[in-house]
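These notes are about the structure you will find just below.
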């Protein structure tokens with residue numbers, strides 16, 4: 001049955017996914033598929049039945065949820081194919097319909113709100129985090145994983161860490177090669193990129209490095225050096241919950257309320273006038289040969 005195929009895939013096919021993604025698959029997507037197709041014999045499942053099930057979902061769910069349900073069903077049946085439990089993946093023949101339920105409202109900021117937010121963040125522990133997120137487009141999980149050796153300046157034809165080269169150079173950038181996700185990788189291979197930093201970002205990160213040096217001095221033997229740009233007062237990775245709490249305090253001070261979302265959500269304001277790719281282009285821009 002389809003229920004069995006879903007069970008098998010959920011048990012062995014979710015390795016490497018973030019816990020939050022696994023929860024959505026188990027508690028929302030698989031549950032919806034079970035309601036529509038769970039008792040259908042896998043060998044008797046037809047493309048028409050899949051299309052009807054997705055249409056039923058689309059009548060009460062968003063387009064994204066319908067697409068996720070389709071992807072999960074395709075993967076579960078592919079898993080069964082591998083074990084010779086079914087001869088053809090009929091779900092792969094179906095195009096998912098558009099959902100009729102509106103998705104979550106956007107939490108992106110307007111340009112004016114972004115300027116107000118940066119002003120409210122001035123002098124706080126999250127100032128550089130917010131400025132970098134807004135003006136470079138780096139994602140929340142990428143910023144939290146950013147290391148000092150991946151903040152670089154273009155010196156004598158090559159990228160050098162600012163820890164060695166300093167910030168007083170025409171071109172400063174960040175290597176976005178890691179993320180605080182399962183496995184430590186960015187969201188997709190294409191997400192590995194190098195982002196040139198506008199001058200406001202450079203100054204914010206410079207001040208942040210000075211502030212962190214003060215934290216290190218105050219922590220003394222309690223300091224744990226993880227090489228992270230955005231760390232706690234003792235050098236450890238910053239807790240996502242605490243970062244969100246601090247961010248919401250700043251949005252309240254800015255008069256934006258608490259519904260803006262995380263700094264990474266706010267980054268999708270896409271202030272393109274302040275964001276650009278690094279010089280050199282292609283692999284050279286990403287520090288690769």
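Here, each number is a calculation from the coordinates, and none is a lab measurement. Being a predicted model, the structure only gives us computed values, none of them experimental. Every residue, glycine as well, gets a Cβ built from its backbone with ideal geometry; the counts of neighbours run over all protein chains shown.
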- line: Row for region 2-93, column shape: gyration tensor on C-alpha, a ≥ b ≥ c, rounded if a/c < 1.5 i.e. under 1.5, prolate if a/b over b/c, else oblate; value oblate
query: For region 2-93, what's the relative contact order in percent, using C-alpha pairs closer than 8 Å and at least 6 residues apart?
result: 39
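Kindly state, to the nearest 0.05, the FRET efficiency for residue 225 paired with residue 52, given R0 = 45 Å and r defined as their beta-carbon distance.
Details: r = 57 Å, r/R0 = 1.28.
That pair, residue 225 with residue 52, gives E of 0.20.
Sort 216, 75, 144 by Cβ crowding within 10 Å, fewest neighbours at the top. Before the final figure, lay out each step's value.
Details: 216 16, 75 19, 144 24.
Listing 216, 75, 144 from fewest to most nearby Cβ atoms yields 216, 75, 144.
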- request: Quick one: order 44, 200 by neighbouring beta-carbon count within 10 Å, fewest to most.
  value: 44, 200
- line: Here, residue 18 and residue 95, labelled 7 Å along Cα→Cβ, have an inter-label distance in nm of 3.0
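If I stretch the segment between residue 27 and residue 241 completely, what's the gain in nm (0.36 nm per residue apart, minus their alpha carbon distance), one decimal?
Answer, rounded to one decimal: 74.8 nm.
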message: Under 20 Å from a point placed 7 Å out from the Cα of residue 43 along the Cα-to-Cβ direction: which residues of region 57-97 have their backbone N that close?
response: 76-92
message: At a 10 Å Cβ-Cβ cut-off, how would you order 14, 45, fewest neighbours first?
response: 14, 45
